[in-house]
Amino acid sequence: QLTPSSFLRIGQLSNVDLNEDIHELETEVPRQRPNEIPHNEKLLSLKYESLDYDNSENQLFLEEERRINHAAFRTVEIKRWVICAMIGILTGLVACFIDIVVENLAGLKYRVVKDNIDKFTAKGGLSFSLLLWATLNASVVMVGSLIVAFIEPVAAGSGIPQIKCYLNGVKIPHVVRLKTLVIKVCGVILSVVGGLAVGKEGPMIHSGSVIAAGISQGRSTSLKRDFKIFEYFRRDTEKRDFVSAGAAAGVSAAFGAPVGGVLFSLEEGASFWNQFLTWRIFFASMISTFTLNSVLSVYHGNVWDLSSPGLINFGRFDSEKMGYTIQEIPIFIFMGVVGGILGALFNALNYWLTMFRIRYIHRPCLQVVEAMLVAAVTATVGFVMIYCSRDCQPIQGSSVAYPLQLFCADGEYNSMATAFFNTPEKSVVNLFHDPPGSYNPMTLGMFTLMYFFLACWTYGLTVSAGVFIPSLLIGAAWGRLFGISLSYLTKGSIWADPGKYALMGAAAQLGGIVRMTLSLTVIMMEATGNVTYGFPIMLVLMTAKIVGDYFVEGLYDMHIQLQSVPFLHWEAPVTSHSLTAREVMSTPVTCLRRIERVGTVVDILSDTSSNHNGFPVVESNPDTTQVAGLRGLILRSQLIVLLKHKVFVERANLNLVQRRLKLKDFRDAYPRFPPIQSIHVSQDERECMIDLSEFMNPSPYTVPQEASLPRVFKLFRALGLRHLVVVDNRNEVVGMVTRKDLARYRLGKEGLEELSLAQT
């Protein structure tokens, strides 16, 4: 019986013993779960596999490609456009569904609570109203958190880090499954209705990606249905391109920003890009915005008026009232600095919180309890703030959805309630557009402070939720405060309109937290429908990013790092020229001969200690005098398909013609290849021979062992490889470079640091 500490002992594995004893820990896992999981951010997890973004150009593939004539290629191209259109339409419809359900449920909840508060304000006993509000919130969030924690944990959070990893080439289990989409959509609805400090915009990106991955494959593994369409696209390369289109369609449905969606996909998501792809992705984004727009217009009853392009509308900013002058530019830059510092603080707090969660709150039941606690605390904080606020505003001429009177005179409402007693999207729009004087500076200051900590505590809970809207809301609140104080200082000068500063503050805060520049500028411009602010928004975002990066990295990158994902950035670490492929590669490599015994293949695949996914194929000569040069590379998944279809012959008659496998057989097994344990090979069959010549990739990418790390990295990253064979000058295999070997080297505070590999 192992003790929990030895079960989670994280071996400092050097390159050499990588193939031994890694997996021995997994076989005898103790049944009791440890209370604390020792987690260290300087680790790389070995549980993540890579995706094959590089096509295996074996004989089957080349024969099929040569058979396809020009007309057939055109059909494939048309299919791509059709898929992109379908991605756009479905993403738009999912966004509509989320929007309409949230609007109705949240409206119902706020009406119930408002009637209750109005009733009890008259006769005393408001503590009952607080209890009602907190209970409603906690119970709704409980359902939302239960489905995520117990059914599909991948659906937690905004899903942007996961999609970023997927597009980078890391296979995160279950990330683009239908089940994940269903849980994601229900979870978002429940967490927004439950009054948490979250937005429904971030998860739209994940939802779009799942829709894209599902449609492009023409079948659903969750439903066990195969529609026999789009079979040509059943490989990682094609799927990746569609997933980046889905992510863009998600952004554009969320913010009504098709160009912003394309740029988001380019900046945050896709690691691989070309011009045709850009145009198709833009098409998908446009279709998605248009679908959302037309359906919501019909729903709101004005059929011909396409007035709601995205889930969130910042409303129109009029250029006449809201121009800016040259002397305001330093003020905007200063706001950018504040946004960067606050964003870095947010990320640092969230980092410690997430470390605490990974260590102690790793059981699903504890995660649900925490989510309920946050929901109840959010309601309580909101209620206490509204109760203590004495900031009353006249009702006429204001557009408040649920005006709470509380202790104000008749015909007035409590202005703190417009911020807390509403869905976050509506609160953002109110902060942007309410006329000057709608908010007391004290109200805004308290709100910013409270909401900052609530949002920070909420991100990383086991609920589906985005961080976009809360950060916009925090920024809009302190930006408006900033604008009000400016107009005090300048004796009410015309240019200090608080709405404009609320917009800049929102941009600064969001930029400081997620560190997106290009796409965020365009999204803000498209969402406000105003090009005038392009330059100030860009300045604010650049400043926020520069200042924030000085302290701590962006929120999404931080969460990727905390999950120990082997993520490859655009460039190798700056100081890594001293390392060569010989020091980076994994050795020894398990090689197969071109004509190999079936028993040997089965043993190599079943060997849990190595668990490799790619095997170099070397020349199989009976006499050992000749050099066993590299002939090709074959993947674990291909070998499994070969064994499953029993493509082998007895040793005596090697020249017999085997049953020809088609490329279709490999595509039908994709993406969930059966494990080797499920394939039965009899004792006689183990003595047969298997010829790998026509299934292996005869031209794998290789590097000499003297190549420097940046050179290896560039080749690996730009081509989206999964295996890079290292050879010596006689073309003999000496090692293999995989994603983990490259992702291990990272630029730390002291310079280049090497992460250790861990099994957890």
Item checked: Members of segment 361-404 that are open to solvent by 50 Å² or more (accessible area, probe 1.4 Å) and closer than 21 Å to VAL148 by Cα -> ARG363, CYS365, LEU366, VAL369, MET372, LEU373
Note to self: Any residue that is modelled with pLDDT of 90 or more, out of contact with any Pro (no Cβ under 8 Å at 6 or more places or on another chain), surrounded by 22 or more Cβ atoms within 10 Å (Cβ to Cβ) and part of a helix (DSSP H, G or I) - is there at least one of those in segment 558-575?
What the structure shows: no
Check: LEU190 is checked against (1) surrounded by fewer than 24 Cβ atoms within 10 Å (Cβ to Cβ); (2) out of contact with any Leu (no Cβ under 8 Å at 6 or more places or on another chain); (3) among the aliphatic types (A, V, I, L, M) and fails just one. What number does that condition carry?
Finding: (1)
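Any residue at all in segment 424-434 that is without any contact (Cβ under 8 Å) to a residue 60 or more places away in the chain and of a type in the set (Ser, Thr, Tyr)?
Kept after step one, since they are without any contact (Cβ under 8 Å) to a residue 60 or more places away in the chain, are these residues of segment 424-434: 426-427, 430.
Then drop every residue that is not of a type in the set (Ser, Thr, Tyr), which leaves 427.
Yes, the conditions are met somewhere in segment 424-434.
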Notebook entry, point to check: If you go through segment 221-265 one residue at a time, how many are surrounded by 19 or more Cβ atoms within 10 Å (Cβ to Cβ), of a type in the set (Val, Ile, Thr) and touching a residue at least 24 places away in the same chain (Cβ under 8 Å)?
Noted result: 2
Item checked: Flag if THR91 is over 22 Å from the mean Cα position of the chain (by Cα) and among the polar types (S, T, N, Q) -> no
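Looking only at residues in segment 222-250 that are of a type in the set (S, T, N, Q) and touching a Leu at 6+ places or on another chain (Cβ under 8 Å), which one is nearest to ARG67 (Cα to Cα)? Please lay out each step first, then the result.
Keep residues of segment 222-250 that are of a type in the set (S, T, N, Q), which gives 222, 237, 244.
From the residues that got through so far, the ones that are touching a Leu at 6+ places or on another chain (Cβ under 8 Å) too are 222, 244.
Values: SER222: 33, SER244: 29 Å.
It comes out as SER244.
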Checklist line | Considering residues of segment 681-727 that are surrounded by 20 or more Cβ atoms within 10 Å (Cβ to Cβ) and of a type in the set (Lys, Arg) only, the residue nearest to VAL641 (Cα to Cα) | finding: ARG722
Notebook entry, point to check: Any residue at all in segment 623-640 that is within 30 Å of ASN729 (Cα to Cα), modelled with pLDDT of 85 or more, polar (S, T, N, Q) and in a loop (DSSP other than H, G, I, E, B)?
Noted result: no
Item checked: Number of the exception - LEU449 against (1) of a type in the set (A, V, I, L, M, F, W, C); (2) outside any helix (DSSP H, G or I); (3) open to solvent by 20 Å² or more (accessible area, probe 1.4 Å); (4) modelled with pLDDT of 80 or more -> (2)
Margin query: For the structure I just gave you, tell me whether VAL647 is farther than 22 Å from LEU51 by Cβ, modelled with pLDDT of 85 or more and open to solvent by less than 40 Å² (accessible area, probe 1.4 Å).
Written below: no
Note to self: Looking at segment 344-360 only, could you name the residues that are out of contact with any Cys (no Cβ under 8 Å at 6 or more places or on another chain) and open to solvent by 30 Å² or more (accessible area, probe 1.4 Å)?
What the structure shows: LEU345, ALA348, TYR351, TRP352, PHE356, ILE358, ARG359, TYR360
Next item on the list: Please go through segment 735-758 and pick out each residue that is at pLDDT below 85, open to solvent by less than 40 Å² (accessible area, probe 1.4 Å) and under 14 Å from SER564 (Cα atoms).
Entry: LEU755, SER756, LEU757, ALA758
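The values are calculated or read from the model by the stated rules, or taken from the named source; none is laboratory data. Source: prediction; values computed, not measured. Cβ coordinates were reconstructed from backbone atoms using ideal geometry, including for glycine residues, and neighbour counts include every protein chain displayed. Protein only, heavy atoms only, side chains kept; ligands, DNA and RNA dropped before computing areas. Shrake-Rupley method; radii C 1.70, N 1.55, O 1.52, S 1.80 Å.
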